[in-house]
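One structure is given here, and the rest of the page talks about it.
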Amino acid sequence: MRDREDARGAGGAVGVGEAVEPGGTTGAIGVLVVDDDFRVARVHRAYVERVDCFRVVGVAGSGEQALGAVGELRPDLVLLDLYLPDVFGLDLIPRLRTAGHECDVMVVSAAREADAVRGAVRHGVVDYLLKPFDFEDLRGRLERYVVQRGMLRDTVVRGQEDVDRVLAGAAMSVPSALPRPHRLPKGMSAETAGLVERTLREAEGSLSASECARLTGVSRVSARRYLEYFHAVGAAEVSLRYGATGRPERRYRFVGAGRGVVSGGSRA
């Protein structure tokens, strides 16, 4: 896999158990990568740093290293493997909370046991991604996390709908509660969101990111980011189309109704 080769060859990589000083890009989401395999950790680090708004502040190869790194570096998000040499990954979460750390945790593990998944849910992880995965898989999860993080941060509870939205992890299903332009994540514009939304609404069936890019004139990367945003807020659904070769294509279909995601107004 080319991504893995690029990661192994990247200069200045943060080694397992090492860390970088807090700081760097203003407003970036700091990530701690926790994995006992330094080669896998380097790949995951390279993946994260290819996503806008994220930076890796450190890498840890054991539970004890992770606890120390969280205390020193104060990451916003921990990418946590479960099979660590000194502890089962989920057992770290209550220790982090007891120590007063409020970082979010996203499980990235090969653990497919139902008990592990149920335990992750009980511990309040923000996502659970099975290994092996590629860059596109992780990027989609990170972009969804950005949306959810922004919505949870900006939530004002006026009634039960707002409470339900928070408890559902910002997956809004009530059309009238869809976000207004000022609720868009940092780096996203209301104009582009409106263009992508309109294109998605008017499409016959579903659209891929490439098709959306051609129809709107924005880059494929930007189109995918806005499409994933609409998926995260419950305004679009995703399906996979499998071809003869390569990874399946993600396709998006608008499922909102009544009020627009961006404009807040109805459309014919």
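Note on region 233-251: residues that are at pLDDT below 85 and open to solvent by less than 60 Å² (accessible area, probe 1.4 Å) total 4. Scanning region 97-115 for residues that are open to solvent by 10 Å² or more (accessible area, probe 1.4 Å) and over 19 Å from the mean Cα position of the chain (by Cα) gives ARG97, THR98, ALA99, GLY100, HIS101, ARG112, GLU113, ALA114, ASP115.
Of the helices (runs of 4 or more DSSP H) lying entirely inside region 31-106, those containing at least 3 residues that are among the small types (Gly, Ala, Ser) and either modelled with pLDDT of 95 or more or closer than 30 Å to TYR226 by Cα (or both) are 63-73. In region 216-238, the residues that are farther than 14 Å from LEU184 by Cα and assigned to a helix (DSSP H, G or I) form Cβ pairs under 8 Å with partners that are open to solvent by 30 Å² or more (accessible area, probe 1.4 Å) and aliphatic (A, V, I, L, M), at six or more places apart or across chains, as follows: THR216/LEU195.
Okay, residues lined up against (1) of a type in the set (D, E, K, R); (2) more than 17 Å from ARG139 (Cβ to Cβ); (3) surrounded by 14 or more Cβ atoms within 10 Å (Cβ to Cβ):
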site	(1), (2), (3)
LEU195	no, yes, yes
LEU200	no, yes, yes
GLU204	yes, yes, no
LEU207	no, yes, yes
VAL221	no, no, no
ARG224	yes, no, yes
LEU227	no, no, yes
HIS231	no, no, yes
ARG253	yes, yes, yes
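For region 209-219, a residue qualifies if it is of a type in the set (A, V, I, L, M) and either within 10 Å of ARG251 (Cα to Cα) or open to solvent by 40 Å² or more (accessible area, probe 1.4 Å) (or both), and the qualifying residues are ALA209, LEU215.
Taken over region 79-96, the criterion of being open to solvent by less than 60 Å² (accessible area, probe 1.4 Å) and more than 15 Å from the chain's Cα centre (by Cα) is satisfied by ASP81, LEU82, LEU84, VAL87, GLY89, LEU90, LEU92, ILE93, PRO94, LEU96. Could you tell me which residue of region 52-78 is surrounded by the fewest Cβ atoms within 10 Å (Cβ to Cβ), considering only residues that are farther than 16 Å from LEU92 by Cα and among the hydrophobic types (A, V, I, L, M, F, W, C)? The qualifying residue surrounded by the fewest Cβ atoms within 10 Å (Cβ to Cβ) is CYS53. When you scan region 19-30, do you find a residue that is closer than 30 Å to GLU113 by Cβ, at pLDDT 50 or above and touching a Phe, Trp or Tyr at 6+ places or on another chain (Cβ under 7 Å), even just one? Checked against the condition, which is being closer than 30 Å to GLU113 by Cβ, at pLDDT 50 or above and touching a Phe, Trp or Tyr at 6+ places or on another chain (Cβ under 7 Å), region 19-30 yields at least one hit.
The values are calculated or read from the model by the stated rules, or taken from the named source; none is laboratory data. Keep in mind that what you see is a predicted model, and the values were worked out from it rather than measured. Note: ideal-geometry Cβ built from the backbone for every residue, glycine included; neighbour counts use all protein chains shown. These area figures cover heavy atoms from the full protein model, side chains too; ligands, DNA and RNA do not enter into them. Shrake-Rupley method; radii C 1.70, N 1.55, O 1.52, S 1.80 Å.
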